[in-house]
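The values are calculated or read from the model by the stated rules, or taken from the named source; none is laboratory data. Worth saying up front: this structure is predicted, and the values here are computed from it rather than measured. Glycine also receives a Cβ, built like all others from the backbone with ideal geometry; neighbour counts cover every protein chain displayed.
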Amino acid sequence: MRAGIQNAANIPELRRRVLFTLAMLAVYRIGVQIPTPGINGDALSAFFDQNAGTLFGMFNMFSGGALENFSIFALGIMPYISASIIFQLLTVVIPRLEALSKEGQSGRHKITQYTRYATVVLSVIQGLFISVGLEGMSAPDGSMIVIDPGWAFRLMTILTLTSGTAFIMWLGEQMSERGIGNGISLIIFAGIIARMPIAIINTLRMAGNEISYILIPIIVALIVAVIGLIVFFETAQRRIPVQYAKRMVGQRMYGGQHSHLPLKINMSGVIPPIFASSLMMFPATIGGLTKVEWMQTVSSMLQWGSLPHTILYVGLIVFFCFFYTAIQFNPVDVAENLKKNGGFVPGIRPGKKTAEFIDKIIVRLTVIGAIYVSAVCVLPTTLVTMLNVPFYFGGTALLIVVGVAIDTISQIESHTVMRNYDGFLQSGRIKGRRS
């Protein structure tokens with residue numbers, strides 16, 4: 001590992017990309033500490049201390065503490081993720097968007113532009129609801145969170161939060177283009193990592209009082225086991241054997257080689273839990289901040305940890321596992337490409353039969369992957385409700401942390417291999433998370 005890091009540092013382009021990514025993450029963490037004008041910070045901190053085990057606590061972890069500080073980045077990157085969900089769904093049902101998605105780079109650029117506009121609209125809507133909701137909220141001692149309620153505060157909050165989300169969106173795109181990639185995921189990763197030390201310290205403080213000393217080693221062992229399970233599933237592959245027929249090109253014989261088609265168990269990665277969390281947070285947060293009766297009823301039904309919330313959350317995860325896999329991987333195209341290149345799966349007729357065979361395997365793998373992701377994501381509910389653990393270990397947070405870490409190492413590994421250096425990990429390479 002140490003020698004691999006030194007090799008990576010000797011590549012000028014990779015070094016620049018890593019330093020640029022770290023600089024952008026530093027800018028993001030600085031912005032998290034800049035508060036929105038018109039907020040009583042002490043009252044807001046007291047409110048979050050009282051509601052640490054609710055939806056607000058979970059959303060605060062995803063924002064890296066930005067919501068607790070009510071900083072200019074309080075909305076985080078969730079509006080952009082919600083907009084991405086909307087347009088990926090619309091791409092399937094609207095022919096115009098579907099045609100754009102098939103036009104190559106220019107079409108995808110146009111859809112990205114529409115996604116940016118939708119992000120701004122969602123940020124304005126969420127900023128309005130949050131500002132109105134904060135005006136009616138107070139700390140446990142009765143002090144109001146908003147210093148001077150009114151439309152001046154609302155407009156300032158909308159402008160500040162929308163600008164902050166747009167800036168985070170720009171940071172993520174810059175990291176994807178000029179950094180080591182996965183800009184949006186790295187921003188969420190940085191926010192979660194920044195909150196974990198505080199959660200661990202709070203857990204240690206509760207030892208002996210609310211948490212038994214006997215449970216501490218059990219929790220630690222569970223953490224190690226779940227991390228190992230996530231690493232196993234995120235790197236596991238189902239390899240379909242592929243053989244290439246011999247063919248004569250000029251005076252030379254080509255083909256006759258054996259290869260394989262790698263299919264990941266969790267082909268959709270961390271996208272389904274991120275999408276599901278985003279959709280679950282949006283209506284529940286709005287319902288908790290407004291006085292509309294039917295919204296409050298829906299919010300109480302979908303309160304984090306409740307049975308309806310868990311069922312709907314798992315259902316959304318399973319849906320997005322299948323949906324995102326179907327978007328990212330087309331068995332018909334794969335079968336056609338194999339046929340054009342003289343490849344075939346032994347015992348399977350090329351063309352339609354190969355596509356059906358690959359599709360059947362993908363469905364089975366997606367079922368296993370959806371069960372695995374759902375089990376990891378409902379783990380925080382068990383820990384918080386049964387063991388009274390004061391942080392959201394497991395779930396989307398841990399899945400993102402481990403998944404993004406594997407992605408980042410894989411990308412650094414690819415940079416070093418392309419330049420004929422030894423890999424980032426000399427003892428073995430990380431299996432790519434993308435087929």
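The table below gives the values:
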item: Unique match (being out of contact with any Phe, Trp or Tyr (no Cβ under 9 Å at 6 or more places or on another chain) and within 19 Å of residue 327 (Cβ to Cβ)) among 99, 83; result: 99
item: In the stretch 316-357, the residues that are hydrophobic (A, V, I, L, M, F, W, C), within 25 Å of the chain's Cα centre (by Cα) and farther than 21 Å from residue 279 by Cα; result: 329
item: Helices (runs of 4 or more DSSP H) fully within the stretch 94-179 counting 1 or more residues that are charged (D, E, K, R) and touching a residue at least 24 places away in the same chain (Cβ under 8 Å); result: 105-135, 151-178
item: Residue list for the stretch 141-171, filter: polar (S, T, N, Q) and surrounded by fewer than 16 Cβ atoms within 10 Å (Cβ to Cβ); result: 143, 163
item: Long-range neighbours under 7 Å by Cβ, at least six apart or interchain, first residue over 16 Å from residue 368 (Cα atoms) and at pLDDT 80 or above within the stretch 221-248, second part of a strand (DSSP E or B) and hydrophobic (A, V, I, L, M, F, W, C); result: 240/261; 240/263; 242/261; 243/344
item: Wholly within the stretch 338-435, helices (runs of 4 or more DSSP H) carrying at least 2 residues that are modelled with pLDDT under 80 and exposed (fewer than 14 other Cβ atoms within 10 Å of the Cβ); result: 379-386, 395-418
